[in-house]
1. R0 = 45 Å: FRET efficiency of ARG90 with LEU205, Cβ-based, nearest 0.05?
2. May I ask for the distance between the Cα centers of the stretch 30-57 and the stretch 82-139, given as a whole number of Å?
3. For labels at GLU198 and SER2 in the simple 7 Å Cα→Cβ model, what's the distance in nm?
4. Rank by packing, highest mean first: peptides 283-291, 238-246, 191-199, with packing defined as the count of other Cβ atoms within 10 Å averaged across residues.
5. Going toward the positive end of the dipole of the stretch 140-279, with +1 on Lys and Arg Cβ and -1 on Asp and Glu Cβ, which of VAL264, ALA220, GLY276 do you reach last?
6. Relative to the present Cα-Cα distance, how much length would full extension add between ALA107 and ARG54 at 0.36 nm per residue of separation?
7. Any idea how far apart ASP249 and ARG227 come out in nm if each label point goes 7 Å out from Cα toward Cβ?
8. Which angle between 0 and 90 degrees, to the nearest 10, do you get for helix 75-87 versus the longest principal axis of the chain when only C-alpha atoms count?
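We did not get these values from a lab; they are worked out from the coordinates using the rules stated. Remember, it's a predicted structure, so these values are computed and weren't measured experimentally. Backbone-built Cβ (ideal geometry, glycine too); neighbour counts: all protein chains shown.
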Amino acid sequence: MSAVLIDGRQYAADLSARLADEVEELACTGERPGLATVVVGNSYPAHAYERRVRRLAERVGCHYVCEALPGAAAEADALAVVGKLGADPRISGILILRPLPAQVSEASLYRALDPIKDIESVHPISAGLLALGRPRYVPSTPASVFHLLDRYLTESGRDPAQTYRQSNLVVVGRSANVGKPALMLAMDRGATVVSCDEHSHAAGLLFEHTTQADILIVAAGVAGLIRGKHVKQGVIAVDVGINAIKDGDTGKVRLVGDIDTEDVAGRAEAITPVPGGVGPITDVWLLRNTVAAARLAQGIGAAFPSTEGLQLPVIC
Ligand code: NAD
């Protein structure tokens, strides 16, 4: 392996230290940020994520509530929970965990969110602001991708703004939560952006584009989709995918990304590992957005310096 492995855990630890200070600073004004998660059903990844977020929220001193509904819950019950959390003054930010069961429409739950508490920017108003380049909250996963890229580029002696403007940036995956907001952030940075999804793959176009990428962001949820032969020499590759794979011999489950790390590392300049890349930063960023939401609710305004580029709260 010759590529630099970008250490997301270290970046997350640095952010998390600042997060604790931000929570403490807010506590001086009498405000305690509150995060609520909504989980419907028994999805293992959703509950695993919920536990991680709960631990972090408690560690940094946020109020935390998880509303867990059974997998057979009616959409009306889920909507009632979102409405209740929207009216609860102790809750600053709400995260609706995926996947949801078929009878509960993701779009309906997102529409029921109070936009001020919509820390993942999934309500149509929030998504519109993001598309216009004026997000109230930058969704945690794409925010983490660009935080990681900005920091890696800076530490390797480059100007991130100039690098993006001179880069072909390819995003694989086009979900409303990860792929599309990552595209918006890449366009805001002036990169030359290409978006691919499963249809690009089926049409035989996917690898034509990935091999042109100077910066490659992969969020498809397909283990080992991208191999060494699918990337350009010197690519900076960010692996968002998290896939649970059962070892045929031991029966043990391990997590792998969408990128074949070993194979791609032979050609890449830098690559993010799974686990330990984007994931740990995402958890912290969710809490940062919760703090930002608590500040907005108090009318305090932006929680973080605008020079960071990623956090641009606006009131509409
Ligand atoms: P999703 O299922 O909602 O969307 C997947 C996208 O990938 C779709 O646009 C689909 O068309 C595309 N896709 C599927 N198969 C493809 C293929 N063969 N070739 C090209 N594109 C393909 O998933 P999501 O919520 O966007 O998550 C994607 C991955 O990222 C998952 O593995 C998820 O677990 C992971 N994830 C990680 C984090 C993190 O913090 N690291 C956060 C959220 C999601």
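1. On the way: r = 49 Å, r/R0 = 1.08.
The pair ARG90/LEU205 has a calculated efficiency of 0.40.
2. 14
3. So the two model labels end up 3.6 nm from each other.
4. On the way: 283-291: 26.1, 238-246: 19.8, 191-199: 17.6.
Taking the mean over residues of other Cβ atoms within 10 Å, the ranking is 283-291, 238-246, 191-199.
5. After comparing all options, I get ALA220.
6. On the way: separation 53, 0.36 × 53 = 19.08 nm, distance 2.47 nm.
Residue separation times 0.36 nm, minus the Cα-Cα distance, leaves 16.6 nm.
7. Output for this residue pair reads 2.1 nm.
8. Tilt relative to the chain: about 70 degrees.
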